[in-house]
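Read through the structure below, which is laid out as structure tokens, and then see the notes.
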Amino acid sequence: MTASAPISLRDACPDDLSGIVELDALRAGERKRAWWRKLLEEYAGGDPQGGRVALVAADEDGSVRGYLFGEVRAWEFGSERCGWIFSVAVSPDHERSGLATRLCREAAERFGALGVEMVRTMVRRNDVPMLALFRSMGFRAGPFSELERRVPVAATKTKRPGSKGSGKQREGVA
């Protein structure tokens, strides 16, 4: 299918699971079927009053060519009520076609219909295409800074093959 085929936007449904998993795996490098299944159970069909948005961009035969998930959130870290886009992706053959912009604009319209005046997202600093996408739609640095730190992973007892005894405790970082 080429990028010139008609693409429609609609609410995501459980039948979209495989297409969403495959698109996500292209960027994430792994298939997270259980995670997406749970998310679709919570978000599928949209939730206009609750502020959940689950959109799919599909071609004429129903194949998923893009998706967006977001929700209205409020009050974390003193934030006013705002829309959050927490996952958006399009198939490689639809990159730079305007499809991701269409998904984001539809989400923003739905957030706005709920009285939300601000939409936020997070993007990796080195993800230049995603940064360019959001900047092209007017997104700018906001009033919050993400901070993080590593924590020790709980030590587990593992028995090495061929070893005697209780095993060795290991510590690793995910």
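Before moving on, here are some points about what is shown:
- Tally, over the stretch 132-148, of residues that are open to solvent by less than 90 Å² (accessible area, probe 1.4 Å) and not in a helix (DSSP H, G or I): 4
- Whichever residue in the stretch 105-131 is in a helix (DSSP H, G or I) and either under 22 Å from L147 (Cβ atoms) or among the small types (G, A, S) (or both) and, among such residues, is least open to solvent (accessible area, probe 1.4 Å): A107
- The condition of being basic (K, R), under 15 Å from the mean Cα position of the chain (by Cα) and open to solvent by less than 60 Å² (accessible area, probe 1.4 Å) does not hold for R31.
- Of all the criteria given as (1) of a type outside the set (V, I, T); (2) open to solvent by 70 Å² or more (accessible area, probe 1.4 Å); (3) within 20 Å of D24 (Cβ to Cβ), the one not satisfied by S91 is (2).
- Cβ pairs under 7 Å, 6+ apart, first in the stretch 12-30 and within 14 Å of A58 (Cα to Cα) and assigned to a loop (DSSP other than H, G, I, E, B), second open to solvent by less than 20 Å² (accessible area, probe 1.4 Å) and among the aliphatic types (A, V, I, L, M): A12/L40; A12/A54; A12/L55; A12/V56
- Residue within the stretch 46-53 that is surrounded by 15 or more Cβ atoms within 10 Å (Cβ to Cβ), at positive phi and either assigned to a helix (DSSP H, G or I) or touching an Asp or Glu at 6+ places or on another chain (Cβ under 8 Å) (or both) present: yes
- Scanning the stretch 57-107 for residues that are modelled with pLDDT under 95 and of a type in the set (K, R) yields R73, R81, R96.
- Number of the condition not met by R65 [criteria: (1) without any contact (Cβ under 8 Å) to a residue 60 or more places away in the chain; (2) in a strand (DSSP E or B)]: (1)
The values are calculated or read from the model by the stated rules, or taken from the named source; none is laboratory data. Fair warning: this is a prediction, and the values are worked out from it, not measured in the lab. Positions of Cβ are backbone-derived with ideal geometry, glycine not excepted, and every protein chain shown enters the neighbour counts. These area figures cover heavy atoms from the full protein model, side chains too; ligands, DNA and RNA do not enter into them. Shrake-Rupley method; radii C 1.70, N 1.55, O 1.52, S 1.80 Å.
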